[in-house]
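Here is the structure we will look at.
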Amino acid sequence: MTFCGVSKLVEAFKHKQQLHARYILQLLGETWRLLRILPNINYVSSCHTKEITICGDLHGQLEDLLLIFYKNGLPSSEKPYVFNGDYVDRGKNSLEILLILFGFLLVYPKDVHLNRGNHEDHIVNMRYGFTKEVLAKYRVHGKKILKLLKKIFSWLPLATVIDHKVLIVHGGISDTTDLDTIARVDRHKYVSALRPPKLTPHAVSGIRTMNRNGESSGPLDGRRRVCSLINHSSASTYKQDIPRYSLHNAPTSSHLNWSVEDELKRRRRLAGFDQAYGQLKKSESDSDPESAETTETDEQEWKQIVDLLWSDPMPQNGCIPNEVRGGGCYWGPEVTKEVLERHNVQLLIRSHECKQEGYEFCHNHKVVTIFSASNYYEVGSNRGAYIRMGPDLVPHFVQYQASQTVGWTERSALQALRKQLFVHKSDLISAFQELDPNNTGMVSLSHWASATESVLKLGLPWRVLRPQLVSSFQHGAVDYQQWIRELSITEPKLEISNTSILETMYKNHSNLETIFRIIDTDHSGSISFEEFRQTWKLLSSHLNTEISDKAIADLAQSIDFNKDGSIDINEFMEAFRLVDLYAHT
């Protein structure tokens, strides 16, 4: 694999081309061989010539990854990246994202670092879409691809540390998190973090065993033999693929008569986390039928991994089971302080949660969440973000929102909507000012939406439309003064002392040609500045509004594009053409 090859791959996926399964399997095989020699925790050093880029969840949204590369540059020895897990599920291009990231990992193994996320798990993938995506795109070789990815996911590193001071994990920590223990874990045993591995009695005693194909195998040294859900050829084979642990600690008896369909349903149900973390409850195991109890050491290691992949911070002190997710914990600021101090670390970077601005600090700025999948729930629901970090180890955030494909009909509708907003500009300003008694120029998103609806009364989902209508949005608030200015005409850029002229013109936009004929009193095909002034003076008296001579003169001169002292029909129509600001940004 070369940089040129990965660059071509990026371009191909950008144009919705598909890579042949043979090359996918080859790339995945090389990735698996590389990952096996990597440590559980990657230690990265910054230097004066480099900034490290840290990305959060992508969840199959290729447009976000491409936008990051466009804004920040492709990974290279001069542009190192850390990707913090959850590359797959929910989005429609999870496989393409993996292939791009694995390609850059192979080319720059010392400069591209991939952490495991909770969605890099074959059982979670069956519930949240990645399995279905692969099988739909590669009907013949899809099962082989998934089998190899299952192995790859189990070999992904669990954490990255920058300059021994910044810890990067996907989910978080708990009061028992210990980086020394995590560094020693045989991570690939945990093919699915949803349950701990099982040890066979033969493996524990060191006796050689026979596998299902009748082949002799040596002591397993505690490594579990994982039964593939994909590659067994018959339902009878599935009947042996039990028992299994869930996220909990109690073993159960085998269910020896399960069909393929039952097994799929069971795994999907378990992936939904319908049981509470830490609760002793009967479940099934993912290992061989002769499996014995897990050792105490294995369960401790497993809990360390689950906490890294599944946990979330909370504002209160303490460390409690994360019953919302069903795995990991909620940990408080005193846990952050204790764990970071114990490991001499100053900042924890994690992902795992969608944030409206793409990032969020908590725990006295000792924990930051970074989330790189924009528009995650729906268009406009959130920005994506990534971190640039230099030798000073201060995080600098870059926010973005991947553009959505907007058809001609939607563009026309948005253009008409902006026209209506401009027409009601004065009423909107009054409504916003009532909600802004301190005249800050800012209103909350909910106040912006309710005020806009109260003026226009169109019954529209203003929150969803906000990204297409408002660019001046920060920290959950709308800069309505800037937004009102953005509603103004951009061609030409008019600086008129009295904007009531413009609002009047836009209210009669569909009748501009008729208005031109009225102003052109001598029917010469052009409007003199005097004709323009007299008409607007007459109109202002009719509308009971005060329009100064300067405002009228400024408008006339700005419309006279060729500066010949008169306004022809083309200049007049062009001056009041509605411009889609977002088509030019």
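Placing +1 on the Cβ of every Lys and Arg and -1 on the Cβ of every Asp and Glu, with no other charges, gives region 1-48 a dipole of roughly 140 debye about its Cα centre. Under the simplified labelling scheme, the Lys16-Glu341 pair shows an inter-label distance of 5.6 nm, with each label point 7 Å from Cα along Cα→Cβ. Using θ = phi - 60° in the Karplus curve 6.51 cos²θ - 1.76 cosθ + 1.60, the 3J(HN,Hα) couplings for region 97-110 round to 4, 4, 5, 5, 5, 5, x, 5, 4, 5, 6, 10, x, 8 Hz; x is entered for Gly and Pro. When region 57-180 is described by a simple charge dipole with +1 on each Lys and Arg Cβ and -1 on each Asp and Glu Cβ, the residue from Pro109, Leu95, Pro80 located farthest towards its positive end is Leu95.
Return one whole number: the accessible area per residue of region 1-61 in Å², for a 1.4 Å probe.
Numbers: 3280 Å² over 61 residues.
Averaged over the residues of region 1-61, the accessible area is 54 Å².
Summarise the accessible area of region 37-152 (1.4 Å probe, protein heavy atoms) by the percent that is carbon and sulfur. Mind dumping the intermediate values first?
Values: 2210 of 4160 Å².
The C+S portion of the solvent-accessible surface of region 37-152 is 53 percent.
Between His119, Val166, Val134, the Cα set farthest toward the positive side of the dipole of region 115-171 (charges on each charged residue's Cβ, about the Cα centre) is that of Val134. Along the axis of the charge dipole computed for region 1-118 (Cβ charges of +1 for Lys and Arg, -1 for Asp and Glu, origin at the Cα centre), the listed residues Leu25, Ile41, Phe13 are led at the positive end by Leu25. May I ask for the net charge around Tyr386, where only other residues with Cβ less than 13 Å from the Cβ of Tyr386 are counted and Lys, Arg are +1 while Asp, Glu are -1? Neighbour charge sum, excluding Tyr386 itself: +1.
Near the amide H of Cys329, within less than 5 Å, lie the amide hydrogens of Ser311, Asp312, Asn322, all on another chain or at least 5 residues away, with H placed in the peptide plane.
What is the sum of charges around Ser374, taking Lys and Arg as +1, Asp and Glu as -1, for the other residues whose C-beta is under 9 Å from the C-beta of Ser374? Could the numbers behind the result be given before it?
Values: positive: Arg383; negative: Glu63, Asp64.
Around Ser374, the surrounding residues sum to -1.
As a test of the definition: which semi-axes, in Å, follow for region 13-114 when you take the square root of five times each eigenvalue of its alpha carbon gyration tensor? Largest first, please. Working shown, then result.
Values: eigenvalues 95, 61, 31 Å².
Taking √(5λ) for each eigenvalue gives 22, 17, 12 Å, largest first.
The values are calculated or read from the model by the stated rules, or taken from the named source; none is laboratory data. Predicted model, so just to flag it, every value in this text is computed and none were measured. So basically every Cβ, Gly included, is an ideal-geometry build from the backbone, and we count neighbours across all protein chains shown. The accessibility values were calculated without ligands, DNA or RNA, using every heavy atom of the protein model including side chains. Shrake-Rupley method; radii C 1.70, N 1.55, O 1.52, S 1.80 Å.
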